[in-house]
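Chemist: Take a look at this one; I'll ask things after.
The values are calculated or read from the model by the stated rules, or taken from the named source; none is laboratory data. What you see is a predicted model; the values in this text were computed from it and never measured. Here Cβ is always computed from backbone atoms with ideal geometry, including for glycine, and neighbour counts include all displayed protein chains.
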Amino acid sequence: MPLPSRAQAIAELTAPGQTHELQSRMLRGRAHKVFINAPVSLRALYQSTASQATFVVFQNERMSFAHCWGQAGRIGALLVQRYGIAPGDRVAISMRNFPEWVLAFMAITSVGGIAVAMNSMWQPDEMAYGLTDSGAKVLFADAERIERLQRARERPAVQVIGVRTDADTPDAPRLSTLLADFEQAPMPEQAPASDDPATLFYTSGSTGHPKGVLSTHRAILSSLMSWELDGQAALRMEGLEPPPPPAQQPGTLMAVPLFHVTGSHAVFLMSYRLQRKLVCMTKWDVEEGARLIEAERLTSFIAPAAMTGDLVRLSREGRHDLSSLIAVGGGGAPRAPEQVAQIGKSFGQALPGTGWGMTETNAIGCGIGGQEYLERPASSGRCSAVMELKVIDDEGRSLPAGERGELMVRGTGMFEGYWNRPEVNAEMIDAEGWFKTGDIAYLDEEGYVFIVDRSKDLIIRGGENIGCGAVEAALLEHPKVHEAAVYAVPDERLGEEVGATLHGAPDLDLDELRAFLMNRLARFEVPRYLLTSAQPLPRTPSGKILKRELRDLAVQQLQPGR
């Protein structure tokens, strides 16, 4: 009997009566495919999976799913009873990957609040902007973020709750102190509905401030269900039955920041139904990561190419037993084809996987793994069952297989829109609900997606989106910088690094300029490469800086022989 195609496998798995049954529903004014058996909300997801199995591990701390649900209930009661959080109110989180990030997120989304996942690398004024733009009433923050916020030029009106801080202060009482009054408090009853907003993640665009991406419970849960479906379809295509529950609990390394959808969705939220142990790291260190994988016998690691590449290189030294790994997934940035093959050879039984998605799509769009990824290492995979993809030309016409154009996406996993940015929504989402991704791609005859370039002025450094316009604006704040062009410089580990060519005053000091930028940009946004030009920067007849020309000259200068 021939093995089913992917389309056949998905049709079988989504048929009436199946766990992943799909039906058509009207969302955002048009029909989309919906998982009718998905949990009704993130709250329902947490509550239905609250077992005694180990969930969060951080250093010497170990908490079960049930314990985390109980702790989240106490925090939920605190938010509602002390801080008056009502459905739709924004509550921000800004900290490293501490267990409290997970607990706060559970609590906020369980009482109908909107969790604002702030980039923990933001500098003081960026933090202030995110809090003001979102209108957050409460902020959960660790000591580093509290200190940083205090240095903002304009302090937003937000009530701060300190996490893992040394002492209570009037401006930031500690969470542990506040919870003393809520010892046995259950989760408040104000439960959200499927199409209520749940999260606000900030994403860097090509110009200006980061934009808030608003998503619903249904959209996020559609991502989780879609990944489950893709995994089962892959087994069916190989003629395999779903494996029995493993003798040892699956586990994953939480090394990607939780403020990214890769970390929050693919690593954290996917762990509930899998009953997967989540081992948290507050900062990436490949030696420590390998030690944790070995000690905890972790079965998966999902991270941008820079981090999985670090682990590939370390595995070759043979100092750590990484044989427990079954899957090494990617996200946030493309992975070089050579690394795909290396993953297949470096970890014994582990197979590589990746996908294409955005903050705006709740991390789904297309995916690929295992043998088909090894055979097509340049592809990002095939479209999710609840999403639609197409490639268009400059006039908006759909292109046939093999022709390059801008990738467009729509579907159940899409965001609701950019927070407080109706003009950007109108520009980026057309009348039929198609979202302009800014990625240049083509589809082959079998439906595999190949991302080949970007139309947006963005740098992707180790999975972090960096808007060139925002970096240029910070450079031009310096009184001795007259012109600035920011661009991507190829980097073997991170994929891309930030480069800039400047024209300025003769006595412009680059070290002083870097120090100046450190107070205005997140550290990863500060250009690694700063080049100066004695002449004004070259421009087109219409006045635009010839950025590609400057980039090519810089790459030639920085990497001779290329």
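Chemist: Within region 426-448, how many residues turn out to be closer than 18 Å to residue 376 by Cβ, part of a strand (DSSP E or B) and among the charged types (D, E, K, R)?
Modeler: So the answer is 1.
Chemist: Can you pull out every residue in region 458-495 that is touching a residue at least 12 places away in the same chain (Cβ under 8 Å), charged (D, E, K, R) and surrounded by fewer than 19 Cβ atoms within 10 Å (Cβ to Cβ)?
Modeler: Of everything in region 458-495, those that are touching a residue at least 12 places away in the same chain (Cβ under 8 Å), charged (D, E, K, R) and surrounded by fewer than 19 Cβ atoms within 10 Å (Cβ to Cβ) turn out to be 477, 480, 483, 491, 493.
Chemist: Looking at (1) in contact with a Pro (Cβ under 6 Å, 6 or more places away or on another chain); (2) not assigned by TED's automatic domain parsing to the domain that holds residue 149, can you tell me which one residue 80 breaks?
Modeler: Tallying (1) in contact with a Pro (Cβ under 6 Å, 6 or more places away or on another chain); (2) not assigned by TED's automatic domain parsing to the domain that holds residue 149, residue 80 fails exactly one: (2).
To keep it simple, each residue is scored yes or no on (1) acidic (Asp, Glu); (2) touching an Asp or Glu at 6+ places or on another chain (Cβ under 8 Å); (3) part of a loop (DSSP other than H, G, I, E, B); (4) surrounded by fewer than 22 Cβ atoms within 10 Å (Cβ to Cβ).
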position	(1), (2), (3), (4)
191	no, no, yes, yes
198	no, no, no, no
218	no, yes, no, no
222	no, no, no, no
225	no, no, no, no
232	no, no, no, yes
247	no, no, yes, yes
256	no, no, yes, no
262	no, no, no, no
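Chemist: May I ask you to list the residues in region 403-428 that are basic (Lys, Arg) and touching a Lys or Arg at 6+ places or on another chain (Cβ under 9 Å)?
Modeler: Residues satisfying the conditions are 410, 421.
Chemist: Could you please give the count of residues in region 259-278 that are among the hydrophobic types (A, V, I, L, M, F, W, C) and closer than 13 Å to residue 97 by Cβ?
Modeler: Adding up the residues that qualify gives 4.
Chemist: For region 373-394, enumerate the residues that are over 20 Å from residue 454 (Cβ atoms) and either out of contact with any strand residue (DSSP E or B) (no Cβ under 8 Å at 6 or more places or on another chain) or assigned to a loop (DSSP other than H, G, I, E, B) (or both).
Modeler: Selection gives 375, 376, 384, 385, 386.
Chemist: On to the next question. Does region 355-367 include one or more residues that are under 27 Å from residue 64 (Cβ atoms), surrounded by fewer than 23 Cβ atoms within 10 Å (Cβ to Cβ) and either polar (S, T, N, Q) or touching a residue at least 24 places away in the same chain (Cβ under 8 Å) (or both)?
Modeler: No; the residues of region 355-367 include none that is under 27 Å from residue 64 (Cβ atoms), surrounded by fewer than 23 Cβ atoms within 10 Å (Cβ to Cβ) and either polar (S, T, N, Q) or touching a residue at least 24 places away in the same chain (Cβ under 8 Å) (or both).
Chemist: If residue 470 passes every condition in (1) among the small types (Gly, Ala, Ser); (2) part of a strand (DSSP E or B); (3) modelled with pLDDT under 90 but one, which one does it miss?
Modeler: (2)
Chemist: What strands (runs of 3 or more DSSP E) lie completely within region 29-93 and have 3 or more residues being surrounded by 14 or more Cβ atoms within 10 Å (Cβ to Cβ) and under 23 Å from the mean Cα position of the chain (by Cα)?
Modeler: Correct list: 54-58.
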